[in-house]
1. When the residues of the range 187-210 are narrowed to those that are among the acidic types (Asp, Glu) and surrounded by fewer than 20 Cβ atoms within 10 Å (Cβ to Cβ), which ends up nearest to SER42 (Cα to Cα)?
2. Restricting the search to the range 226-268, which residues are loosely packed, with under 12 Cβ neighbours inside 10 Å and under 16 Å from TRP44 (Cα atoms)?
3. Does the range 49-71 contain at least one residue that is in contact with a strand residue (DSSP E or B) (Cβ under 9 Å, 6 or more places away or on another chain), farther than 28 Å from ALA258 by Cα and of a type in the set (A, V, I, L, M, F, W, C)?
4. Testing ALA163 on (1) at pLDDT 95 or above; (2) in a loop (DSSP other than H, G, I, E, B), one condition comes back false. Which one is that?
5. Residues that are touching a residue at least 24 places away in the same chain (Cβ under 8 Å) and farther than 20 Å from PRO165 by Cβ: find the strands (runs of 3 or more DSSP E) completely inside the range 210-313 holding 3 or more of those.
6. Is there a residue being touching a helix residue (DSSP H, G or I) at 6+ places or on another chain (Cβ under 9 Å), part of a helix (DSSP H, G or I), assigned by TED's automatic domain parsing to the domain that holds HIS39 and closer than 30 Å to ASP26 by Cβ anywhere in the range 316-326?
7. Considering only the range 90-158, give the helices (runs of 4 or more DSSP H) lying wholly within it that have at least 1 residues that are touching a residue at least 60 places away in the same chain (Cβ under 8 Å), out of contact with any Pro (no Cβ under 6 Å at 6 or more places or on another chain) and of a type in the set (S, T, N, Q).
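The values are calculated or read from the model by the stated rules, or taken from the named source; none is laboratory data. The shown structure was predicted, so the numbers you read here are calculated from the model rather than taken from an experiment. Reconstructed Cβ throughout: ideal geometry from the backbone, glycine too, with neighbour counts over all protein chains shown.
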Amino acid sequence: MTVVTVVGAGVAGLCVARALLDRGADVTLVDRHNDTGPHACSWWAGGMLAPFCEGESAEEPVVRLGQQAADWWQAKTGVVQRQGSLVVSAARDKSDLARFARRTTGFREVTGSEISDLEPDLGGRFSRGLFFDTEAHLAPRAALARLRDSLRADGAQFVQDNANPAQYAQRGLTVDCRGFQARNDLSDLRGVKGEMLVLSCPDVQLSRPIRMLHPRLPLYIVPRGDHVFMLGATMIEGRAGQHVTARALLELLSAAYALNPAFGEAEVIEIGVDSRPAFPDNLPRIRREGNLICANGLFRHGFLLAPSVAMMVANLIFDHATPEVMDETAA
């Protein structure tokens, strides 16, 4: 039996462990913490499985590989909601909506009345939009918990340890999935700061992720159920500080108010800050040196790309297949 240690139990590590376990490996997951929580970048994810929307600013592999994500997460966790994604803009920002449409595929244009049918609480506020009906979303924390539970049930071991992956690689095959924590070992890895809010707003009901285009800060808002919403997110080059900036807080809440004024009465129940791990082109990389395999650089596409990257790692180990995102020059 192939024995593998996976270091890092965020979304990347859990997906890699699942892919390896499905191929018959004996898997141990090692992490500094004994459970997923606010310390993990994936804890603060939006959970949008929206490959076509991401095509507005992401490279082609994100769109193509991301189309596998919803089926994978549904099969492994059962928490995926397939309600599509809705993109809107204020009338004064209609050029932004046109630009978004030019850069993406997989949508149909919708009128103001169709927007009202899709989301009654947005009725009358937007005259045009784009509806990506095949996209999906999930609640990240529930998905991570389901994945951990299934891994334990199927025999994976969890170990709390702060050891460097290189130490484990001296004993056997090891996959480093530490995200931004691996920055000291990956000279070209950078952190992109993200700031987001969780709101409770009993006066608003939404069924799907909404993206509202804005010249300064495009907003996404993702329903979590029970009138709770994830609101985000900024992208600031540089390692995240401990706290959200005043500017981000102001602009996120202003954008939410513009989406629906009822958000002005919402309660802010959580504020999150994280550092998303990214390489220069914002695409993931798999690197190998002997027993040590590194899978990193998911950027803001953790839940969208982790399944594909995980399957590439498994195929590399079991089939000696070169991953599409293999970085041979770094070996």
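1. Here the residue is ASP188.
2. Of everything in the range 226-268, those that are loosely packed, with under 12 Cβ neighbours inside 10 Å and under 16 Å from TRP44 (Cα atoms) turn out to be GLN242, HIS243.
3. yes
4. (1)
5. Values: elements: 210-213, 219-225, 228-232, 267-278, 285-289, 292-296.
It comes to 210-213, 219-225, 228-232, 267-278.
6. yes
7. 140-153
Yes/no matrix, rows are residues, columns are (1) touching a residue at least 12 places away in the same chain (Cβ under 8 Å); (2) outside any loop (DSSP other than H, G, I, E, B):
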position: ALA19; (1), (2): yes, yes
position: GLY37; (1), (2): no, no
position: SER42; (1), (2): yes, yes
position: GLU56; (1), (2): yes, no
position: PRO61; (1), (2): yes, yes
position: ARG64; (1), (2): yes, yes
position: VAL79; (1), (2): yes, no
position: GLN83; (1), (2): yes, no
position: LEU86; (1), (2): yes, yes
